């Protein structure tokens, strides 16, 4: 199988799972094998049906036609028949401090695996990034730009402190 496909597929967006945490709970999880899935590799090529994708740690290690791909010993096997595997999506303009941590698993459930936070509370964002990296919290990779720079009055209003006059 073309290695370009393996590099272009970042992670999954399965509509049938209510939470990605039901499938994987962090980088130390046992290998995951998704069988009979249709892969959309985002290169413009037609969808490729009936593939097996094996993920170990946080990397896709094998992609191939069923039944040519051997399943790793002890792997969690998910039947992806009727489902699609797509590249992870990016949201390049979020403000997570205003949406709160409740948005993080929702982003993953909708296939968003990475976000760029354009202005938020850095300590909060860093705490979420640590919890996501260690598997405590389900959420996307967070790239952060820094605190929001809209002026003192905006920052006081957006932090719940109203100025008089």
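The values are calculated or read from the model by the stated rules, or taken from the named source; none is laboratory data. Everything quoted here is computed from the prediction, not taken from an experiment. Virtual Cβ from ideal backbone geometry, glycine too; neighbours counted across all protein chains shown.
In the condition set (1) over 24 Å from residue 34 (Cβ atoms); (2) in contact with a strand residue (DSSP E or B) (Cβ under 8 Å, 6 or more places away or on another chain); (3) modelled with pLDDT of 95 or more, residue 145 is compliant with all but (3). Going through (1) surrounded by 13 or more Cβ atoms within 10 Å (Cβ to Cβ); (2) within 15 Å of the chain's Cα centre (by Cα) one by one, residue 92 falls short only on (1).
Given the criteria touching a strand residue (DSSP E or B) at 6+ places or on another chain (Cβ under 9 Å), modelled with pLDDT of 95 or more, more than 28 Å from residue 46 (Cβ to Cβ) and part of a helix (DSSP H, G or I), does residue 106 qualify? So residue 106 fits the description; yes. Determine if the stretch 19-32 includes at least one residue that is assigned to a loop (DSSP other than H, G, I, E, B) and at pLDDT 95 or above. The answer is yes; a qualifying residue exists.
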